[in-house]
There are 2 protein chains.
Amino acid sequence: MPESLEQQQTHSRLRAVNDALTSGMYVHVRQMLHSLPSFDVALLLESSTPSARPVLWQLIDPDQHGDILEELSEDIKDSIIQEMDPEHVASAIEGMDSDDLAYVLGSLPESVYQQVLSSMSEQDKHRVEQALSYDEESAGAMMNTDVITLRPDVSVDVVLRYLRLRGELPQRTDMLYVVDGHDKLLGEVSLGDLITCQPDTMIREIHESEVAPLKAEQHDSEVAQHFERYELISAPVVDANGCLLGRITVDDVVDIIREDAEHSMMSMAGLEDEEDTFAPAAKSTQRRSIWLGLNVGAALLAASVSNMFEDILSQLATIAILMTIVPSMGGVAGNQTLTLVIRGIALGHVGDSNARWLLGKEALVGVFNGLIWATILASVVTVWKGDWHIGVVIAVSMFVNMLMAALAGVLVPLTLKKFKIDPALAGSMMVTTFTDIIGLFTFLGTATLMLS
Amino acid sequence: MPESLEQQQTHSRLRAVNDALTSGMYVHVRQMLHSLPSFDVALLLESSTPSARPVLWQLIDPDQHGDILEELSEDIKDSIIQEMDPEHVASAIEGMDSDDLAYVLGSLPESVYQQVLSSMSEQDKHRVEQALSYDEESAGAMMNTDVITLRPDVSVDVVLRYLRLRGELPQRTDMLYVVDGHDKLLGEVSLGDLITCQPDTMIREIHESEVAPLKAEQHDSEVAQHFERYELISAPVVDANGCLLGRITVDDVVDIIREDAEHSMMSMAGLEDEEDTFAPAAKSTQRRSIWLGLNVGAALLAASVSNMFEDILSQLATIAILMTIVPSMGGVAGNQTLTLVIRGIALGHVGDSNARWLLGKEALVGVFNGLIWATILASVVTVWKGDWHIGVVIAVSMFVNMLMAALAGVLVPLTLKKFKIDPALAGSMMVTTFTDIIGLFTFLGTATLMLS
């Protein structure tokens, strides 16, 4: 993995900023921060230690605060907003896109929220109230209301003259939306079409009416799939009656796609999606303790399985020495299948129509794996311990555990999904616990039958 | 995780297609496929079993083949292309974007490649040769050459008249590029600015000259970060002399972002990024065997550590019963830290400037975790086994292993990165092996000292 130029730049910048901070050259830091795009200032804040962040924030030009807040990850955004006074929050969020505005306000304590709201303009207040009325993970919460609408019965020439009078278009405008007198969405016209068609053409003649708009209540992962399906730059959002409410642009969708993809990896290790890498140790310990606590339960369960086979363990130390191999292999194989199925579910590849086929296929992989590794490990152990009986014990339990691991790798995530539980969150712990128990049980059980 | 409407649609469609296939209603399937966007046909193919895919592919309108190939994931794209005859490949890739064109040709066997190349138009041949001259993961391989260029010394009015004559713009055109007589990039003009400014304005007056273009040899993850940094829809690509070569559009960048984010999760389980969920069992077994083979080595290493403590294991079965707990907790804690650091490296948060701070923080988390779980497990085990000596043994080894797990979770990925090895690929196995060995060694070692 080659380190990118921009990553190197981030870290040489960070070092330069840190050096300047520790030597008290605040004016210099202020200038450095001012010359960077918001994305990079956000990256600097995210890469800084919790103690350096408030100092950096103080040195950032307050005019930039809003833009930088929009770029920050949630954990850090929350901690910074909590430190700001209400007037300051109100001025920082002025002119913010409605989706970010709603997020910031939604994360304020109630008393501060009221204070901020009262110092906002009527127009902003209305935008916020509308945005906050949608679920946090819905298209409604992601959309912006800065759309340009047209009527179907005007000519391109009129539209062009209107736009020239109006001046600068909202950022990332690639489409203008055609609506009727009740704001009902009739279609869309691209800027490119406006430019390339004859000036006397009527909008009704060129508008694309086969637009599949997003509904305000659709989940953000559906929004992301919609953008990928049609390779969009922006998409209109409508209410239940098909009336235009706003539009979503691809830059916000990119964030969702990244978060969704990261979510599975973080969840599988029992971490929160937006966990701050540089959070204080006490906070990190607390957050990770649930997962470790669950694992204590799993580990004690496994120990209690071993406890059932105290007889064979006290007779033969070799059995104790070898008893971790079969659970370990089962855990790795089970997690391979699990990861594949979790990704398949996330991409929409795995569902009712092919679950049975997939189970059959992974079971076959389990049988193959079982045969291969049973043979190899039985040979190794027979040679090592000079006793073919132990080889047979490990072969039998390895085969059973590899097959069970494959079945659990498919059935656990599919079952969790049926019960609307995120398979990435609970799946890994469940599969590992299952393969540990089956592995220990078959290994120690076969040993008891054959050797005691 | 609520199942999205579109996921449900995919699977009801898949069932309908499968039902129609098995009852031989090929005409019906053909019609169904024809009415779907390429993205959905690709999703159907990706969600189908290997045996159904060639039949489906035969039923797809050949005119759609190119679009669908562009959407397919690599594994499946490769297997389909291998089955197609050269003339068919040549006609499918006609009009494909240069980046996809290069990919398809790059994956053909040499003999077929020559055949396909010879049946292509001169213009396409040139585009392919250019695209293939760049590294597969570079900006050059991602870019398309369909750009509209302007000279600085013409008026907006002239440009608008030229565009009207030219007709339809290339897909996802949001910027026109301003170049001099040697194709050197001078700046860019957005469609929005062209529309909103006065017709007699000269391009030189309105072009944005502070454009940071991408270099053709930049890595695709840098391209993705560049797009996120500036929230772009498209970006120009230049050669070493600053001459315009083409442009990259956000839809291709979205694919990179998704792949990069998925890469870590898949690698951590020892799977390939684009592994086909529905690959035949034999192929899957073969691919996953390397990872399982490495784990055999790790498991045998752990067993050989236990082997050093045969004395205590043969004296006390209780030690064997409890010996899996400490390694298990260390593995979970180590992988939490590892996952956080891998994500931090991928996002550019973790680097030389803050690695030491992060190590200190995670070590402190390790100490906290060690104290908490040593206390809890020592109490549980003392009560369970009625012997406080065993409680002390588990407390000491738990504390050491939790601290070691935290250190390994930070140091392993940072060291791998220094040696240019992907931390997601090797990190998980290394951390788990390390915590298994340290866990067994400290637990069995302390037990030997205290109890034998």
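Does chain B come out rounded, prolate or oblate by the C-alpha gyration tensor, with a ≥ b ≥ c the root eigenvalues, rounded set by a/c under 1.5 and, if not, prolate when a/b is larger than b/c and oblate if not?
Details: a/c = 2.88, a/b = 1.78, b/c = 1.62.
In terms of gyration-tensor shape, prolate.
Compute, for segment A:176-269, the length of the dipole vector about the Cα centre, with Cβ point charges of +1 (Lys, Arg) and -1 (Asp, Glu) only. Units Debye, rounded to 20. Provide the component values of the computation, followed by the final result.
Working: 6 positive and 20 negative charges, 32 e Å.
Dipole size: approximately 160 debye.
For chain A, which DSSP H helices look membrane-span-like by this rule: Cα extent along the axis of 20 Å or more and mean Kyte-Doolittle of at least -1.0? Don't skip to the end; give the middle numbers.
Working: long enough: A:5-22 (25 Å, -0.90); A:250-268 (28 Å, -0.06); A:281-307 (36 Å, 0.37); A:325-347 (34 Å, 1.13); A:352-385 (48 Å, 0.76); A:388-418 (45 Å, 1.60); A:423-451 (40 Å, 1.39).
Qualifying helices, which must be both long enough and hydrophobic enough, are A:5-22, A:250-268, A:281-307, A:325-347, A:352-385, A:388-418, A:423-451.
Give the relative contact order (percent, whole number) for segment A:153-212; include only Cα pairs under 8 Å separated by 6+ residues. Don't skip to the answer; put the middle values down first.
Values: 65 pairs, mean separation 25.4, N = 60.
Worked out over segment A:153-212, it gives 42 percent.
Using unit Cβ charges (K, R positive; D, E negative) and no other charged atoms, how large, in debye to the nearest 20, is the dipole of segment B:281-451 about its Cα centre?
700 debye
Give B:Lys215/B:Lys417; A:Lys361/A:Lys420; B:Lys125/B:Lys184; A:Lys215/A:Lys420 a once-over and call out the pairs whose C-alpha atoms are over 27 Å from each other. Please list the in-between numbers first.
Numbers: B:Lys215/B:Lys417 24 Å; A:Lys361/A:Lys420 25 Å; B:Lys125/B:Lys184 24 Å; A:Lys215/A:Lys420 22 Å.
Beyond 27 Å: nothing from the list.
Under the rule a/c < 1.5 gives rounded, and otherwise a/b versus b/c splits prolate from oblate, where does segment A:281-451 land using the Cα gyration tensor? Don't skip to the end; give the middle numbers.
On the way: a/c = 2.60, a/b = 1.40, b/c = 1.85.
Oblate, since a/c reaches 1.5 and b/c is not below a/b.
Counting other Cβ atoms within 10 Å, keep those with at most 15, restrict to DSSP loop, and tell me which trypsin sites (Lys or Arg not before Pro) in segment B:109-196 are left. Walk me through the numbers before you get to the answer.
Values: sites: B:Lys125, B:Arg127, B:Arg161, B:Arg164, B:Arg166, B:Arg172, B:Lys184; in loops: B:Arg172.
Answer in residue order: no site qualifies.
Sequence gap at least 6, Cα distance under 8 Å: using those rules, report the relative contact order of segment B:231-274 to the nearest whole percent.
Details: 31 pairs, mean separation 10.7, N = 44.
Reported as a whole number, the value is 24 percent.
Compute the distance from the alpha-carbon center of segment B:314-392 to that of segment A:289-348, in whole Å.
Their Cα centres are 17 Å away from one another.
For segment B:5-142, what relative contact order do you get, as a whole percent, if you take Cα pairs closer than 8 Å and at least 6 residues apart?
Computed over segment B:5-142, the figure is 18 percent.
Assign one of three labels to the protein assembly as shown, namely rounded, prolate or oblate, based on the Cα gyration tensor with a ≥ b ≥ c the square roots of its eigenvalues; rounded applies when a/c is under 1.5, prolate when it is not and a/b is larger than b/c, and oblate otherwise. Don't skip to the end; give the middle numbers.
Values: a/c = 2.11, a/b = 1.53, b/c = 1.38.
Prolate.
From the label point of A:Ala212, set 7 Å from Cα along Cα→Cβ, how far away are the matching label points in the other copies, in nm, ordered shortest to longest?
Output for A:Ala212: 3.6 nm, nearest copy listed first.
Taking the label point 7 Å from Cα in the Cβ direction, how far apart in nm is B:Asp311 from each other copy of itself, listed shortest first?
Copy-to-copy label distances for B:Asp311: 3.0 nm.
Could you please state, rounded to a whole Å, how far the C-alpha centre of segment A:136-161 is from the C-alpha centre of segment B:42-62?
38 Å
If each label sits 7 angstrom from Cα along the C-beta direction, how far apart, in nm, is A:Glu129 from its counterparts in the other copies?
Those label-point separations list as 6.7 nm.
Give the residue from A:Ala303, B:Met265, A:Ala406 lying farthest towards the positive end of the charge dipole for the protein assembly as shown; charges sit on Cβ (+1 for Lys and Arg, -1 for Asp and Glu) and the dipole is referred to the Cα centre.
Farthest towards the positive pole: A:Ala303.
With unit charges on the beta carbons (Lys and Arg positive, Asp and Glu negative) and the dipole taken about the Cα centre of chain A, which residue among A:Leu132, A:Val367, A:Gly351 sits farthest to the positive side?
In chain A, that residue is A:Val367.
Quote the charge dipole size of the protein assembly as shown about the Cα centre in Debye, to the nearest 20; the model charges only the Cβ of Lys and Arg (+1) and of Asp and Glu (-1). Don't jump to the answer; show the numbers that get you there.
Values: 56 positive and 128 negative charges, 748 e Å.
The dipole magnitude comes to about 3600 debye.
Rounded to whole Hz and in sequence order, give me ³J(HN,Hα) for segment A:192-199 from the Karplus expression 6.51 cos²θ - 1.76 cosθ + 1.60, θ = phi - 60°, writing x for Gly and Pro.
x, 5, 4, 6, 8, 8, 5, x
List the aspartates and glutamates whose Cα lies under 17 Å from the Cα of A:Lys283, skipping any in the same chain that are fewer than 8 positions away.
A:Glu46, A:Glu74, A:Asp75, A:Asp78, A:Glu272, A:Asp273, A:Glu274, A:Glu275, B:Glu362
Could you tell me which residue out of A:Gln225, A:Leu176, A:Pro199 lies farthest along the dipole of segment A:149-265 toward its positive end? Charges go on the beta carbon: Lys and Arg +1, Asp and Glu -1, centred on the Cα centre.
Among A:Gln225, A:Leu176, A:Pro199, the one farthest towards the positive end of the dipole of segment A:149-265 is A:Pro199.
Using just the helices of chain B, give the 222 nm mean residue ellipticity in deg cm²/dmol: DSSP H runs with n ≥ 4 each add -39,500 (n - 2.57), and the total is spread over all residues, rounded to 500.
Details: 23 runs with 310 residues, N = 452.
Taking each H run of at least 4 residues, the total per residue is -22000 deg cm²/dmol.
Read-outs throughout are calculated quantities, based only on the coordinates presented, and are distinct from any laboratory measurement. All of these numbers come straight from a predicted model, not from anything done at the bench. For neighbour counting, all protein chains shown are included, and Cβ atoms are generated from backbone atoms with ideal geometry for every residue, glycine included.
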